[in-house]
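Data first, discussion second: the structure below is written as structure tokens.
Laboratory data are not the source of any read-out in this text; all were calculated from the coordinates shown. In this text the structure is predicted, and so the values were computed from the model without any measurement. So basically every Cβ, Gly included, is an ideal-geometry build from the backbone, and we count neighbours across all protein chains shown.
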Amino acid sequence: MTVEATAGPAVRTQPKIESELLRSRVGAAMWFLLPMLAALAVVAGWPLLRTIYFSLTNASLTDLYGADFIGFKNYLSWTTLKSGRTVFSGLLVDPTWWNAVWNTLRFAVLSVTLETILGMIVALVLNAEFKGRGIVRAAILIPWAIPTIVSAKMWSWMLNDQFGIINDLFLKLGLISQKIAWTAQADTAMTAVLVVDIWKTTPFMALLILAGLQMIPKDIYEAAEIDGVHPVKVFFRVTLPLVRPALMVAVIFRLLDAMRIFDLIYVLTPNSSATKTMSVVSRENLFDFDKFAYGSAQSTLLFLLIAVMTALYIWLGKVRFDGGDR
Amino acid sequence: MTLDLWTITKRTAFYALVVFIVFVAVFPFYYAILTSFKSGTDLFRVTYWPVSFSWDNYISVLSTGSFPRNLLNSVFVASVTVLAALFLAITASFALSRVRFRGRSLLLMTILAVSMFPQIAVLAGLFEVIRFLGIYNTPWALIFSYTIFTLPFTVWVLTTFMRDLPIEIEEAAIVDGATPWIIIWRVFLPLLWPALVTTGLLAFIAAWNEFLFALTFTSSNATRTVPVAIALLSGGSQYEIPWGNIMAASVIVTVPLVVLVLIFQRKIISGLTAGGVKG
């Protein structure tokens, strides 16, 4: 949409009026943007800066304003003992933090990979023409519509060690020999979180991929069929390259979402160090352990990590969000 | 007509996959409904079909505790958040979609970036602002903080919608001497209703489901929203989790959403994908 086009042939003969119109339009646009930009500055920009500032102080929850600036000591500090040994402390040498970092990365990579594969399968099914397609589309919207907290509770009931239907079903099918405390045991907690997250978010993935699939012209498939190309080959040579832009955008959305996961883990596997993510430990320090500045440092690192990751992804993957000119 | 064995197998496998997808998608919700109508010892007997029926859990969750109040809080917070976001977003989207100015693409990317923000990154700073404004532990704290995700989202989606409105309408209005303000409210708004409903609904769902801010910025039973109330529902003792009540509460908050989503299916799908994929 361009202003040049807006000022149609009728006014093109009067360049003076056109430029005046353009100037007043741009002026109005600035005023229209101002309230939104002010709102975003207050709820996002300023708080982000304050979080970063807090991470460089020794602020505590009860004393936000009396804090001293201590530089990067929350991140890393060291003291040299009399014996000549140097002792490091701070976030960068904190094993709990690194555990959370690995948990988050493991969760993000595994969940997004599986969701992409499953989402692709569901999207391919929905892209085929068959009776009852509407029912399937409606059905997969249900997990998406259910609040995360509710789905976490629903699944923790289903995964309950004594009365859960999953244990009952698996025992009946002979898949397990005894009841398993899925959400409590360290070795199964992450699996439980992954299952619930995949169940909840695969629909979103499927719908985004489906939108990409529906933009592929049908005659390409007809041509491939006439030439007798094997369907598997068609998928890898035609469908996948053509759906790639949509897929890349869907993956980055999901990846960013997975990196900041909090609610599902907080409710499904509370206090399990096998699943605690960066967001969870950061909030714990901020509000439960009264280590406000330390928690701020963790939030800041998470923010930086996500920013770097996004930049790399967009740059390496050549992702285009069509927000630009038209 | 003869169908060879291969075609039949293929078709059966396809429909088996379809049935499997529907089953997996729907079963947990079905099981929550099933559980919510069980009471007493029935609750702790695994059954796959309804065997008994009682409203006990619903009565208990709606009559004791603060759950009705939490429901009202959620409705109020989500509605006000959405209305505020839409109001700010309409004019902003007009500027972003129909006026060409320097730095527009950068601005759009920034807005998208804010909507993808890790909310934990602003939590400490927001806590300070909310305490400074004196709105801690009130619904306004949530309305204020939810703007961080509802506003960028509504701006982004409305911008994509507005870009597709035909230029001729705007030209005609300009020739008639309409200012951009009049164009937005008199010319575009009537055309934008479907988009506003879709965007508003998606933002409403996001605000309704939000957990981290609601958990952090409210501290009493009377000000909590539904997700926090459900997460913190507890029984007589620490070890006694009231599963029946939790399932009844879950069904109460989910049924309206599921109904809305099923009614507005097509609009929701188009709104979701407008945010993500375009061209």
Worksheet, complete the sentence: Expressed as a whole-number percentage, the relative contact order of the stretch A:96-317 with C-alpha contacts under 8 angstrom and at least six residues apart is 30
Worksheet item: Got the relative contact order for the stretch A:58-103 handy, in percent, Cα pairs under 8 Å and 6 or more residues apart?
Response: 24
Fill in: Out-of-range pairs (alpha-carbon distance over 24 Å; input A:Lys200/A:Lys276; A:Lys200/A:Lys291; A:Lys131/B:Lys267; A:Lys153/B:Lys38; A:Lys233/B:Lys10; A:Lys172/B:Lys38)
A:Lys200/A:Lys291
Fill in: Amide H within-cut-off set for A:Ser60, under 5 Å, with H built and near neighbours excluded
none
Worksheet item: Out of A:Met30, A:Met158, A:Met120, any idea which swings most in a Gaussian network model of chain A, alpha carbons joined below 10 Å?
Response: A:Met30
Worksheet item: What is the dipole size for the protein assembly as shown, taken about its Cα centre, with +1 at each Lys and Arg Cβ and -1 at each Asp and Glu Cβ, in debye to the nearest 20?
Response: 540
Fill in: Neighbour-count order for A:Phe292, B:Phe144, fewest beta carbons within 10 angstrom listed first
B:Phe144, A:Phe292
Worksheet item: For the protein assembly as shown, what log10 I(q)/I(0) values come out of the Debye formula at q = 0.10, 0.11 1/Å, with one point per alpha carbon and no solvent?
Response: -0.98, -1.16
Worksheet item: Given the options B:Met109, B:Met247, B:Met162, which has the most mean-square fluctuation in a GNM of chain B, springs set between C-alpha atoms less than 10 angstrom apart?
Response: B:Met109
Worksheet item: Can you sort A:Ser77, B:Ser250 by how many other beta carbons sit within 10 Å, fewest first?
Response: A:Ser77, B:Ser250
Worksheet item: What is the list of residues in the stretch A:180-207 whose amide nitrogen lies under 18 Å from a point 7 angstrom out from the Cα of B:Asp164, following Cα to Cβ?
Response: A:207
Worksheet item: Using 1/(1 + (r/R0)^6) with R0 = 35 angstrom and r between the beta carbons of A:Asn271 and B:Trp6, what's the FRET efficiency to the nearest 0.05?
Response: 0.05
Response to the item:
Computed on Cα atoms, the radius of gyration and Dmax of chain B in angstrom are 23.8, 78
Worksheet entry | Radius of gyration and Dmax over the Cα atoms of the stretch A:114-193, both given in Å | 15.9, 44
Worksheet, complete the sentence: Checking B:Tyr15, B:Tyr58, B:Tyr48 against a Gaussian network model of chain B (alpha-carbon springs below 10 Å), the top fluctuating residue turns out to be B:Tyr15
Worksheet, complete the sentence: In this structure, the FRET efficiency calculated for B:Val26 and A:Phe130 from their beta-carbon separation, with R0 = 22 Å, to the nearest 0.05, is 0.75
Response to the item:
the stretch B:5-57: spread of alpha-carbon positions along the three principal axes, whole Å, largest first, is 52, 15, 14
Worksheet item: So what's the angle, to the nearest 10 degrees on a 0 to 90 scale, between helix B:265-276 and the longest Cα principal axis of chain B?
Response: 60
Discussion item. Can you tell me, using C-alpha contacts under 8 Å and at least 6 residues apart, the relative contact order of chain B as a whole percent?
Written reply: 30
Worksheet item: What angle, in degrees between 0 and 90 and rounded to the nearest 10, separates the Cα long axis of helix B:5-36 from the longest principal axis of the Cα atoms of chain B?
Response: 80
Worksheet entry | Length released on extending from B:Ser66 to B:Asn137, taking residue separation times 0.36 nm less the Cα-Cα span | 24.0 nm
Response to the item:
Of the convex hull enclosing the alpha-carbon atoms of the stretch A:96-317, the direction-averaged projected area in nm² is 15.2
Worksheet, complete the sentence: If A:Ser177, B:Ser60 are placed from fewest to most neighbouring beta carbons inside 10 Å, the sequence is A:Ser177, B:Ser60
Worksheet item: Tell me, in nm to one decimal, what length is gained between A:Val229 and A:Ala138 on full extension, where the rule is 0.36 nm per residue of separation less the Cα-Cα distance?
Response: 29.5 nm
